[in-house]
Amino acid sequence: MRRRALDEFLPLKPVDLELLLALAGEDRHGYGLVQRISEHTNGLIVLDPGNLYRVIKRLLGDGLIDENPARAAEGDERRRYYRITALGGRVLAAELERLRALIAAPGTKAAAQRFTS
């Protein structure tokens, strides 16, 4: 399997970005992800289980997250815990840098000033 360049993952979908951010701090199970994403977005993104697990399946397939079987063994073995992978961390960092550059761009600042003044 060939390695994908980081820019092939970018830009991330907002829900992918939020899920990776939620996992950047600690491993979480599905319901924990839903709660964290809702808190972080002030309720703007609330995932139903079907959508959540579609996103998880895609990110697992891309190698951006992984299941943590050790965490599941600690408590309720029915819960699956997920963690960000090294690749997922690099993609997250690249996306955050892309967003920082976008926000810092002169055209972005001018537009923001024009429409907030």
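Residues in the stretch 13-67 that are over 13 Å from residue 88 (Cα atoms) and among the hydrophobic types (A, V, I, L, M, F, W, C): 10 in all.
Scanning the stretch 1-17 for residues that are modelled with pLDDT of 95 or more, closer than 15 Å to residue 85 by Cα and either acidic (Asp, Glu) or exposed (fewer than 14 other Cβ atoms within 10 Å of the Cβ) (or both) gives a single hit, 16.
Sub-7 Å Cβ pairs linking a first residue in the stretch 19-37 that is more than 17 Å from residue 57 (Cβ to Cβ) to a second residue that is not in a helix (DSSP H, G or I), at least 6 apart or interchain, are 24/84; 27/68; 27/81; 27/82; 27/83; 36/28, ordered by first then second residue. Within the option set 64, 99, being hydrophobic (A, V, I, L, M, F, W, C) and without any contact (Cβ under 8 Å) to a residue 12 or more places away in the chain holds for one residue only, 99. Considering only residues that are out of contact with any helix residue (DSSP H, G or I) (no Cβ under 8 Å at 6 or more places or on another chain) and hydrophobic (A, V, I, L, M, F, W, C), look in the stretch 7-65 and name the one that is nearest to residue 102 (Cα to Cα). Among those that are out of contact with any helix residue (DSSP H, G or I) (no Cβ under 8 Å at 6 or more places or on another chain) and hydrophobic (A, V, I, L, M, F, W, C), it is 44.
The values are calculated or read from the model by the stated rules, or taken from the named source; none is laboratory data. Just so it is clear, the structure is predicted and the values come from calculations on it, not from any experiment. Cβ: placed from backbone, ideal geometry, glycine included. Neighbour counts: every protein chain shown.
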